[in-house]
Amino acid sequence: MIKAIGLDADDTLWENETFFRVTEAEFRRLLAEHGDAEAIASRLFDAERANLARYGYGIKGFMLSMIQTAVELTDGAVDGRTISRILEMGQDMLAHPVNLLPGVADALDRLAGRKLILVTKGDLMDQERKVAASGLGDRFTAVEIVADKTPEAYARVLHGHGVAAEGFLMAGNSMRSDVIPVLELGGWGVFIPHELTWLVERVEAPDHPRLRQLQSMSDLPDLVARLEAEA
């Protein structure tokens, strides 16, 4: 029996990576005289990945990684106007609208009455803003914002809600963050791919009896019903 359903937020419930891609494209144009687009993107990605341990996930870390990359690409000669523009780009991202993905509202309506836990990672203030702006906050029993989605983080969330891993199902667009850690704990992992998932989050799917894949959130209520019927 599935006692609780966990849902990822960014690129599972609403668009998120799109805003990073648009900003990255502008960043490449801003620094175009210091390298080709592919080289700039590669340097930025390397900075982002290296900085995860320092800044965590989210827009503020991305902004700092853009500034670091600009400094490195210009050998420290980047001008104040460029730094100012990068800061503006990050601030624009922090104010971006929250656009729900297709089928999300209907799926949550059909799952009403169940213990739904929103499990998201990143900057606390930004994630809280997006939850509030989404209008979905009251659909969830709880909202859990964690620094990273590790098995240990999920275990703490489940312990706090009195849910055994075997009765927990987590759905999201990241195989690395939303699926594999929960499978490792003994729960159900449901992969709902998004076309713009960040490269860091892309890993091979394991061969696991509790792994399922769906085309969209619209399919989740039926999957839950099937799993419970099979049990």
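The values are calculated or read from the model by the stated rules, or taken from the named source; none is laboratory data. Please read these numbers as outputs of a predicted model, since none were measured by experiment. As a convention, Cβ positions derive from the backbone with ideal geometry for all residues, glycine included, and neighbour counts pool all protein chains shown.
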Note on segment 83-115: residues among the β-branched types (Val, Ile, Thr) and surrounded by fewer than 15 Cβ atoms within 10 Å (Cβ to Cβ) are Ile83
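Every residue, every condition in (1) at positive phi; (2) free of Cβ contacts under 8 Å to residues at least 24 places away in the same chain; (3) aliphatic (A, V, I, L, M), yes or no:
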position: Leu111; (1), (2), (3): no, no, yes
position: Asp126; (1), (2), (3): no, no, no
position: Tyr154; (1), (2), (3): no, no, no
position: Val179; (1), (2), (3): no, no, yes
position: Phe191; (1), (2), (3): no, yes, no
Identify the single condition in (1) under 26 Å from Val146 (Cα atoms); (2) among the basic types (Lys, Arg); (3) at pLDDT 95 or above that Arg43 does not satisfy, given that it satisfies every other one. (1)
Take residues that are at pLDDT below 95 and tell me which of the helices (runs of 4 or more DSSP H) falling wholly in segment 124-231 contain 2 or more. 124-134, 220-230
Matching residues, segment 6-24, being farther than 30 Å from Thr141 by Cβ and either among the charged types (D, E, K, R) or out of contact with any helix residue (DSSP H, G or I) (no Cβ under 8 Å at 6 or more places or on another chain) (or both): Arg21, Val22, Glu24
Being in contact with a Leu (Cβ under 9 Å, 6 or more places away or on another chain), farther than 23 Å from Asn51 by Cβ and not hydrophobic (A, V, I, L, M, F, W, C) is the requirement here; does Arg114 meet it? no
Given the residues Ala205, Ala142, Ala132, which is the only one that is assigned by TED's automatic domain parsing to the domain that holds Ala9, under 23 Å from Gly58 (Cα atoms) and touching a strand residue (DSSP E or B) at 6+ places or on another chain (Cβ under 9 Å)? Ala142
When restricted to Gly160, Gly113, Gly122, the only residue in the same structural domain as Pro221 (by TED's automatic domain parsing) and either of a type in the set (Phe, Trp, Tyr) or under 22 Å from Gly61 (Cα atoms) (or both) is Gly122
By residue number, the members of segment 97-116 that are outside any helix (DSSP H, G or I) and touching a Ser or Thr at 6+ places or on another chain (Cβ under 9 Å) are Val98, Asn99, Leu100, Leu101, Pro102, Gly103, Arg114, Lys115, Leu116
Residue check: is Asp106 within 26 Å of Ala171 (Cβ to Cβ), touching a Lys or Arg at 6+ places or on another chain (Cβ under 6 Å), of a type outside the set (A, V, I, L, M, F, W, C) and in contact (Cβ under 8 Å) with a residue 40 or more places away in the chain? no
